Amino acid sequence: MNTPLLRRVLLALAAPALAAAFALFVSSIVLALSGSSWIDTYSEMLSNASKLETMVDILNRATPLYIAGVAVAIGFKMNLFNIGVEGQYVLASFMAAWVGASVVLPGPLHVGLILLTAMVVGGAWAGLAGLLKVTRGVNEVIATIMLNFIAIGGIIAALLPRAIEDPTAANQGTAVIAESGWLPNLNGILELVTREITKGRRLSGMFLIAIILGVAYHVIVNRSRFGFDLRSSGMNPMAARAGGVPPKRMILVAMLASGAVAGLIGMPEILSDSHSYDQGFVRGLGFAGIAVALLGRNTAPGMAIAALLFGFLDTSSAPLQVTGTASPEIVVIMQATILLTAVIAYEVVNRIRQTDEVRRAAQATESADPAADVATAGASA
Amino acid sequence: MAAAIELIGITKRFPGVIANDNVNLTVEQGEIHAICGENGAGKSTLMKILYGMQPADEGEMRVNGKSVQFGSPTDAIEQGIGMVHQHFMLADNLSVLENVILGSEPTKGGGRIDFDTAVTHISEVGKAYGLDVDPNDLVETLEVGEQQRVEIIKVLYRGAKILILDEPTAVLVPQEVEELFKNLRELKRDGATIIFIDHKLQEVLEISDRITVIRRGKTIDTVNAADVTAGDLAELMVGSELPSPETSDSTVTDEVALDVRDLTVLGPDERPVVDDVSVAVRRGEIVGIAGIEGNGQTELVDAIIGTVSPLAGTIALLGQDITNRSVRQRREAGLGYVPQDRHREGLLLDAPLWENAVLGHQTEEPYVKGMWINRSGARKQTEHIRSEFDVRSPNVDVSARALSGGNQQKLIIGREMTANPNLLIAAHPTRGIDVGAQAEVWNDIRQARAEGLATLLISADLDELIGLSDTIVVMFHGKLVATLDPAEITPRLLGSYMTGAALESGAESPDSQEVSS
């Protein structure tokens, strides 16, 4: 027995390791060129991240990134590029905040209603693109981009005046949701293993929901019949169809699921942070989710690492600016380099793995021939 | 004067197949020379070699008496060879003029395109050969026949004196064919040499001076068009020695497994591609469908497995009407399917073997348990398929891509057979696989037949059809035109039905073996 297992593990680790190393290399050059010390910059980033409060920040930042990654990955699994996650989550957040602020219910019900509203709105908005693709053959990339504009520039702009609480306020937004609609934070659980969390940092309850979501995604995609249908449609739609997978229904269901998950992206903000939707509501998470899904290869653990990495980099930028160690934009450069190199590295590793497999399959064909068996036995003896 | 083209001993091998085997061909100056043969006979490969798209492994090419070697079509164009592809290579949203000069634009100072010169040149070419199109028309507004004329002008514009036309009539309606033939005669009068690839015998006889027949990669004969009938050509195409059927006892039962009645399927152009077809397959019976590809076999199969819905007619499986059932419901009812293109419809190339075994059986034990994939059950079943059907692979976790074509095909056959189907649709089950795997696949199908499986076999390989089938039906232009007994079949008969010669000439019509039902 040679070491195919070891080789496989090394290959699997090679791509992300290469990408990270190359990103560090490029960032160091940029830092050097801009006259900052790269050693100082990296040590500042690391020492900052080792603080408990920053870790909470990283987790809070990684949570919506991860959910966004999952939303995008559901589409990717079926070869659908849902570029409209952005519009889906912003619209869903707005509607959920509005609905949440208009009622007062007992705790779990109130939170449940907000989550449900977000998922239904997100799902419906993405489902619209799915419907267009199935009935009219409209490419989902075009449809979802257009729907982004309609959602943010059209619907929200039109409805926000009706939803706002105080027309005279500087930052117009929906009313703050009653406390029954707040998701409890996880500080208590985290403090069981750490010291007390200070500086008013609270680990959002959505962190737990994101973990549950990740597990569900992993199990459904890899272990369920539905997941098999989804993946096979993505890998080879013609073969899936001949294998009994109805292509149109799969497109619709995948878009609905992707949109429903996208609806959850804004929930840490609504349920744990500002408790309202206003004009300064966090944007860009949908597009960041595309990067997370790409970097994490659409796998639950991969995307978790990618989301944490991006969360770490995002939270590093402010301290760099405050201490003046380096320009905060270095973080964006690092994110972009990692993503680009990772995509290339994965492809290279994939090809190596394929050639490997072909070689081993060819060996198996030969050794099934008794004469060849004798020959190889003689050679190895 | 030296021959326009001379091919001597051209051989081209692909992994596992010899596409051209010692081909010899001489095309004289100024003649229209047809190349005839079934799909897969090696016509296209030969033309690709001649046009520099693929290198030959062996042999010599001479153009106008000069020995040549082509590295790319550019080399062929330089020697005055031009090709009109079956599928036009035109940019729809450009004008005729722009399409014609694309890639060889005349320029004036500063790299600007000299449109005036181009227009003059194109009109000259058009006038000289009676090819009439307006250079300023947008290509997308042209009829198919006109587009073809643009393709021909494109080739002439580049100075071609030897034209290769790959199945030029396939896309044309009869009037357009007439028009094309008129143009071709004009071209011939002006000294052009034309190589014309086709398998429609009447057309070939009408337009060409000489005809070369290719079968299984070999040149069979070159004949003068004036000296032969459609029947002679059909015989040459199919071959004079047909294999004799396997003398195994009939296992045909009375129980009808598949019953297709009056099935009509429309193609994309709203014309019927399957035209009022009725066919029945009983348990223990193999019904073979013979025919040159593109005569509706693919659409018939698609309608039976449920990926296209028919315009009219019914399909019943073991007495149950499945016409309106989904693909999955048909699969669950016991329909096994070996697709003609395993990479397109049969496999998930990047998925492991065991997942490929699940494909098409996602609702069946032992692959699934309720709504979950049963990984260990599926793996065990795939191991079973691997040993039972001799799929050579290191394990069931390698991706399907890693296997050779023969082993991929054995995996598909194994997957379908292991599910104990009531009906197997096998479309070209041994296409592109090595001889060893081919024998194994044939064996598997025969064994299943002995156990009572009903099989509908679609094949272009006459060995396979005659060797396996209990009954052979011939499909031509979407219709079943004959039902034949493999034991009594003659090459002339089969050939005349497959090429439509029997219908076109009428005189060839056989005595006893007309469509029986």
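Per-structure values
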{"item": "Exercise: per-residue mean of other protein chain Cβ atoms within 10 Å, A:123-130", "result": "0"}
{"item": "Cβ neighbours within 10 Å from other chains - mean over B:93-100", "result": "0"}
{"item": "Descending semi-axes in Å of region B:197-327, equivalent ellipsoid built from Cα gyration tensor", "result": "36, 22, 10"}
{"item": "Of the GluC sites (Glu not before Pro) in region A:87-185, those whose Cβ has at most 14 other Cβ within 10 Å and which sit in DSSP loop", "result": "A:Glu165"}
{"item": "Peptides ranked, highest mean first, by Cβ atoms within 10 Å: ranges A:213-222, A:291-300", "result": "A:291-300, A:213-222"}
{"item": "In nm, spacing of pseudo-spin labels at B:Val171 and B:Asn93 (7 Å Cα→C-beta vector)", "result": "1.9"}
{"item": "Using a Förster distance of 22 Å, the FRET efficiency for B:Glu293-B:Asp262 (Cβ separation, nearest 0.05)", "result": "0.40"}
{"item": "Tail beyond 17 Å, pair distance distribution of region B:262-355 (Cα, percent)", "result": "56"}
{"item": "Among the listed pairs B:Lys108/B:Lys154; A:Lys77/B:Lys380; B:Lys43/B:Lys188, those beyond 28 Å (Cα-Cα)", "result": "none"}
{"item": "Label-point separation in nm, B:Glu178 to A:Met238, each point 7 Å along Cα→Cβ", "result": "3.8"}
{"item": "Within straight-line cross-link reach of A:Lys199, lysines at Cα separation under 18 Å, skipping those fewer than 8 residues along the same chain", "result": "A:Lys51"}
{"item": "Hull shadow area, averaged, region B:343-420 [alpha-carbon convex hull, nm²]", "result": "4.6"}
{"item": "Reach of B:Lys66 by Cα under 20 Å, taken over lysines that are not fewer than 8 positions away in the same chain", "result": "B:Lys48, B:Lys161"}
{"item": "Cβ-based exposure ranking for B:Asp397, A:Asp273, in which fewest neighbours within 10 Å come first", "result": "B:Asp397, A:Asp273"}
{"item": "Two-site label geometry, B:Leu138 and A:Arg283: point separation in nm, points 7 Å out along Cα→Cβ", "result": "3.7"}
{"item": "Relative contact order %, chain A, counting alpha carbon pairs below 8 Å whose residues are six or more apart", "result": "33"}
{"item": "Cα Rg, Dmax, the protein assembly as shown, angstrom units", "result": "33.6, 102"}
{"item": "15 Å Cα-Cα reach of B:Lys479 towards aspartates and glutamates, excluding residues that sit fewer than 8 places from it in its own chain", "result": "B:Asp262, B:Asp275, B:Asp276, B:Glu293, B:Glu299, B:Glu504, B:Glu514"}
{"item": "Cβ crowding within 10 Å averaged over residues, with A:125-132, B:415-422, B:455-462 ranked highest first", "result": "A:125-132, B:455-462, B:415-422"}
{"item": "Kirkwood Rh, Cα atoms: Rg over Rh of region A:254-318", "result": "0.99"}
{"item": "Size of charge dipole - region B:343-420 - debye, nearest 20, with Cβ of Lys, Arg +1 and Asp, Glu -1, no other charges", "result": "140"}
{"item": "Lys, Arg +1 and Asp, Glu -1 on Cβ, resulting dipole of region B:321-369 about Cα centre, debye, nearest 20", "result": "100"}
{"item": "Magnitude of the charge dipole, the protein assembly as shown, Cβ model with Lys/Arg +1 and Asp/Glu -1, debye to 20", "result": "3740"}
{"item": "Kirkwood-based shape ratio for chain A, expressed as Rg/Rh from alpha carbons", "result": "1.04"}
{"item": "From the C-alpha gyration tensor of region B:5-228, square roots of 5λ in Å", "result": "30, 20, 16"}
{"item": "Residue mean of other protein chain beta carbons inside 10 Å, A:229-241", "result": "5"}
{"item": "Cα pair distances of chain B binned at 20 Å [whole percent]", "result": "20, 48, 28, 4, 0"}
{"item": "Neighbour-count order for B:Phe14, A:Phe228, fewest beta carbons within 10 angstrom listed first", "result": "B:Phe14, A:Phe228"}
{"item": "FRET efficiency estimate (nearest 0.05) - Cβ-Cβ, A:Arg353 to B:Glu105, R0 35 angstrom", "result": "0.20"}
{"item": "Unit charges at the beta carbon, dipole of region B:343-420: most positive-side option, B:Gln409, B:Gly370, B:Ala419", "result": "B:Gln409"}
{"item": "Beta bridges per DSSP with both ends in chain B, % antiparallel, nearest 5", "result": "55"}
{"item": "Fewest-first sequence of B:Val155, B:Val308, B:Val171 by Cβ atoms within 10 Å of each Cβ", "result": "B:Val171, B:Val308, B:Val155"}
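Where a number appears in this text, it was derived from the coordinates with a stated rule and is not lab data. A quick note: this is a predicted structure, and the numbers were derived from the prediction, not measured. FYI the Cβ positions are ideal-geometry reconstructions off the backbone, even for glycines, and counts take in every protein chain you see.
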